[in-house]
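The structure that follows is given in the form of structure tokens.
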Amino acid sequence: MPKLRTFSRRMESFLSTTRSTTAVQCCVMLALCGLLAGCQTTAGGVKGTADSGAVQCAFLPERPMPSWVSGLPETKDYVGVGQAGSSEGPEQQIRAAEDWARGSLAAGISVKIHEQLVQNICEGSCTAEEQSKILLKAESKTKHTLKGVDIKERWLDRGSCMVWVLATLSRDKVELRRAMMFNLSPPSIEMAGLLVGHLEKMLREDFAVVAADARLEGCATDSATPTCQDRANTIFGAITVSLEKEPMDGQFRQRNFRVKGSLRFQDRLLSSFDVPCKARAEARADAQTIDRAAAEDCRKKVQATMKKDLEMMD
């Protein structure tokens, strides 16, 4: 260090007495900077690194460190915290921190959705094939749910030039929507009950199916009433099955049905269907056997329409 101070004093004396050009002075200062390791070149000459860092790390408003940086906040919402160091530029750094926060938040959401689907589809006991199907569906629903994530706060640590981001998502947006199916068919049409069971099983792949409440039956055809609006998270479905004809053809007996229905959510008509379906069996077969086959034929036609329409649902 004594040698360094002696060299510094000599250089200062040299610079004060020399009549060298500005270019020579700059070269000498660069040599001194190299020894002291305390500055860098700029367009206008030489500048200290501390000043450059201060300018670089000032792209977000200055404020004290938020409490969520050191520990997650107490809230009912899902929370994710992300961070990112300096990169190509402030925008890329902020975007990287936001992506990290979303990823952190997605982990908890994916677990919740997976648990709900397991309970819905196989009531807690799934085969390997069902588990594989549920994992794919949970991943898809998680990605869709993340569209509703709110970037709540951003904070820049000017000391380390680290960007921190807090992302939140309401638990209401993660809970599966409920679905309630009503059978508006005449009691004599037993096949309608079989069909409702088929459709409820299909709906459980995406929604939490709940028992039909007779007090809400009107919601299946008009969901704009206050009573229906109070259940804003519920999809109301209804089907009406009618037996159109039952022809006999020697050795065979056939039962022809028509199924009409719809799905409504809040003030929207999600799906509407009107399909014919039938089943045929030997003349000695009882009506229940034919109706089970007819219910399967109806399910395929109604389900194709419902699945396509529900894919358009937000």
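For labels at S125 and N233 in the simple 7 Å Cα→Cβ model, what's the distance in nm?
Going by the 7 Å Cα→Cβ label model, 2.9 nm.
With a Förster radius of 35 Å, plug the Cβ-Cβ distance of Q303 and R95 into 1/(1 + (r/R0)^6) and report the FRET value to the nearest 0.05.
Here the calculated transfer efficiency is 0.30.
Could you sort out which of K278/K307; K133/K307; K112/K307; K133/K301; K143/K173; K147/K307 sit more than 18 Å apart by Cα distance in this structure?
Over 18 Å apart, Cα to Cα: K278/K307; K112/K307; K133/K301; K147/K307.
List every residue whose amide H lies under 5 Å from the amide H of E153, counting only residues 5 or more places away in sequence or on a different chain, with H placed 1.01 Å from N in the peptide plane.
Answer set, sorted by chain and number: L166.
Taking the beta-carbon count within 10 Å as an exposure proxy, list R268, R284, R292 from fewest neighbours to most.
R284, R268, R292
Subtracting the Cα-Cα distance from 0.36 nm times the residue separation, let me have the gained length for T75 to E88 in nm, one decimal. Could the numbers behind the result be given before it?
Numbers: separation 13, 0.36 × 13 = 4.68 nm, distance 3.42 nm.
In short, 1.3 nm is gained.
Continuing with the same structure: Calculate the length of the line joining the C-alpha centroid of segment 154-191 to that of segment 240-313, in whole Å.
Going from one Cα centre to the other spans 32 Å.
Under the √(5λ) rule applied to the eigenvalues of the Cα gyration tensor, what semi-axes describe the equivalent ellipsoid of segment 120-205? Give them in Å, descending.
44, 17, 8
Quick note: the coordinates plus some simple rules give every number you see, no bench work behind them. Just so it is clear, the model here is predicted, and its values are computed rather than measured. No Cβ is skipped: glycine too gets one built from the backbone with ideal geometry, and neighbour counts run over all protein chains shown.
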